[in-house]
Amino acid sequence: MKVLIRNAHIICPASLFHGQKKDILLTDGIIRKIADSIDESADETIALEQLHLSIGWMDLFAHFCEPGFEQRETIETGAAAAAAGGFTDVMILPNTNPVVSTKSQVEFIKQRSAALPVNIYPIGSVTKNAEGKELAEMYDMHSSGAIAFSDGTQAVQHPGVLLKALQYMLPFEGTVIQVPADNSIGAHGLMNEGIVSTRLGLPGKPAIAEELMIHRDIELLKYCKSKLHITGISTRKGIELIAKAKSEGLQLTASVTPYHFFFCDEDLESYDTNLKVNPPLRTKEDMMAIREALLTGTIDCIASHHLPQHWDDKTCEFEYAKNGMTGLETVFAASNTYSSNIDALIDKLSIAPRKIFNVPVPEIKEGAEACFTLFNPEHEFVFDQSMIKSASSNNAFIGKKLKGKVYGIINKNKISINR
């Protein structure tokens, strides 16, 4: 099968074609020719308005819910949402039923997703059943294809357990992913503790619950010299702790969510349950600090924290609503809306996560396998529920004006274009 991509503006700093507009000819998923103009017949021609092309994007923190919670998301619907959002690669959380804490569960996910156009990477749990008590079979899971280790939506609370996990992974250079949340502080908090929570009459979760966890995990990392990734950072002080630790040469990386730099606690005045997340939305000052950290490079990459919830778990009183929102379809547009450097943004979506988790970086050159994301960074639109491919629609960006349209992906000799 021949596919001809017309007049694509290539965004890939590692490529000789970076910043250039080229025609690209693919044959059976392989890049056969890159030139200013290609005059050849093709089975399919892709010519789109202001078409930009980069290597495929990678997300490092998404929940596809299968097995056990298929009413919220399946591997197929999660992959469809990822493709619609421009992601060719997704790391998925272990918080399924059963929890991904043995090699057989890792192998199930890899086999289940093999035929999909999106590369799926299972994250193994740090502890058995993600209960935070005993270490899971991390070496066996690593041997079966687990890309990293995390208790997912639940941070490892016990410092001794996390220390053992960090030490255990030293021989195979594994990485632990932590969401910074100390459950012993503000355990019943529904949003950020502050003036807005007081005005709304909602119990607060203080920033110190996050910052103490970041500080603790950094100290453990110093002790054992392993690799740690902290995701979902939401406070200015948390960013400062990350920056200081990086300056000391620790193997520490960090990511933020699109919703933490798009929304703040003031947006909760409508009691929108889709904005109930963990860590919670913080102050406007914290939101601006995250935007600044993305520009300065303190934050390595952007993670969707795609967390589907059933309609019943969001259409209820704020107190009873579950945490999380979907987001794979809106990561790029939400991020691009406040980004002033498209090259840096694409790097954080494509190259940075692969380097952190030792995934080979695709190339844009003749003879390489095509792994592309197609997009238009200038297109402005209002995000609508009809654009959601996920099985769940708990997305707070519905009705928001965003900038940056994703056309789709080409990966594994498959084309997924948003129609």
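Here are a few things to note about the model shown:
- Some residue of the stretch 316-327 being in contact (Cβ under 8 Å) with a residue 24 or more places away in the chain, hydrophobic (A, V, I, L, M, F, W, C) and farther than 24 Å from Asn192 by Cα: no
- Residue under evaluation Thr198, criteria (1) surrounded by 20 or more Cβ atoms within 10 Å (Cβ to Cβ); (2) in a helix (DSSP H, G or I); (3) more than 23 Å from the chain's Cα centre (by Cα); (4) not charged (D, E, K, R), criterion not met: (1)
- Residues that are touching a residue at least 40 places away in the same chain (Cβ under 8 Å) and in a strand (DSSP E or B) within the stretch 365-389 comprise Glu369, Phe372, Thr373, Leu374, Phe375, Asn376, Pro377, Glu378, His379, Phe381, listed in sequence order.
- Complete set of residues in the stretch 194-221 that are touching a Lys or Arg at 6+ places or on another chain (Cβ under 6 Å) and either under 15 Å from Val277 (Cβ atoms) or not assigned by TED's automatic domain parsing to the domain that holds Lys237 (or both): none
- Residues (part of a helix (DSSP H, G or I) and more than 22 Å from the chain's Cα centre (by Cα)) located in the stretch 219-236: Glu219, Leu220, Leu221, Lys222, Tyr223, Cys224
- Scoring Gly132 on the criteria (1) of a type outside the set (A, V, I, L, M, F, W, C); (2) more than 28 Å from Ile415 (Cβ to Cβ); (3) out of contact with any helix residue (DSSP H, G or I) (no Cβ under 7 Å at 6 or more places or on another chain) leaves a single failure, condition (3).
- Residue match in the stretch 8-25 (condition: surrounded by fewer than 20 Cβ atoms within 10 Å (Cβ to Cβ) and in the same structural domain as Leu349 (by TED's automatic domain parsing)): no
- In the stretch 285-313, residue farthest from the chain's Cα centre (by Cα) [restricted to those that are part of a loop (DSSP other than H, G, I, E, B) and surrounded by fewer than 21 Cβ atoms within 10 Å (Cβ to Cβ)]: His310
- Every residue from the stretch 47-63 that is among the aliphatic types (A, V, I, L, M) and either under 16 Å from Thr373 (Cα atoms) or surrounded by fewer than 16 Cβ atoms within 10 Å (Cβ to Cβ) (or both): Ala47, Leu48, Leu51, Leu53, Ile55, Met58
- Of all the residues in the stretch 48-66, those that are touching a His at 6+ places or on another chain (Cβ under 9 Å) and of a type in the set (A, V, I, L, M, F, W, C) number 6.
- Selection over the stretch 74-108 of residues that are over 19 Å from Ile147 (Cα atoms) and not charged (D, E, K, R) gives a count of 9.
- For the stretch 136-165, a residue qualifies if it is of a type outside the set (Gly, Ala, Ser), touching a Lys or Arg at 6+ places or on another chain (Cβ under 8 Å) and either buried (at least 20 other Cβ atoms within 10 Å of the Cβ) or not in a loop (DSSP other than H, G, I, E, B) (or both), and the qualifying residues are Asp140, Met141, Pro159, Val161.
- Residue count, the stretch 71-118 (criterion: farther than 22 Å from Asp313 by Cβ, over 16 Å from the mean Cα position of the chain (by Cα) and among the acidic types (Asp, Glu)): 1
- Within the stretch 77-107, being in a helix (DSSP H, G or I) and within 21 Å of Glu131 (Cα to Cα) holds for Lys103, Ser104, Gln105, Val106.
- Just one of the listed residues (Ile109, Ile120, Ile177, Ile92) is closer than 19 Å to Leu307 by Cβ, crowded, with 17+ Cβ neighbours inside 10 Å and out of contact with any helix residue (DSSP H, G or I) (no Cβ under 9 Å at 6 or more places or on another chain), namely Ile177.
Conditions tested, residue by residue: (1) in the same structural domain as Ala35 (by TED's automatic domain parsing); (2) among the hydrophobic types (A, V, I, L, M, F, W, C); (3) under 30 Å from Glu70 (Cβ atoms); (4) free of Cβ contacts under 8 Å to residues at least 24 places away in the same chain.
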{"residue": "Asn336", "(1), (2), (3), (4)": "no, no, no, no"}
{"residue": "Ala344", "(1), (2), (3), (4)": "no, yes, no, no"}
{"residue": "Lys348", "(1), (2), (3), (4)": "no, no, no, no"}
{"residue": "Ala391", "(1), (2), (3), (4)": "no, yes, yes, no"}
{"residue": "Ala396", "(1), (2), (3), (4)": "no, yes, yes, no"}
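- Residue in the stretch 287-330 that is modelled with the lowest pLDDT, counting only those that are small (Gly, Ala, Ser) and out of contact with any Leu (no Cβ under 6 Å at 6 or more places or on another chain): Gly297
- Residue check for Glu173: part of a loop (DSSP other than H, G, I, E, B), within 29 Å of Asp59 (Cα to Cα), in the same structural domain as Glu266 (by TED's automatic domain parsing) and of a type in the set (D, E, K, R): yes
- Taken together, Glu44, Glu73, Glu66 contain a single residue that is touching a residue at least 12 places away in the same chain (Cβ under 8 Å) and either touching an Asp or Glu at 6+ places or on another chain (Cβ under 6 Å) or surrounded by fewer than 19 Cβ atoms within 10 Å (Cβ to Cβ) (or both), which is Glu44.
- Per-region count, the stretch 331-364, residues part of a loop (DSSP other than H, G, I, E, B) and closer than 14 Å to Glu378 by Cα: 4
The values are calculated or read from the model by the stated rules, or taken from the named source; none is laboratory data. Keep in mind that what you see is a predicted model, and the values were worked out from it rather than measured. So basically every Cβ, Gly included, is an ideal-geometry build from the backbone, and we count neighbours across all protein chains shown.
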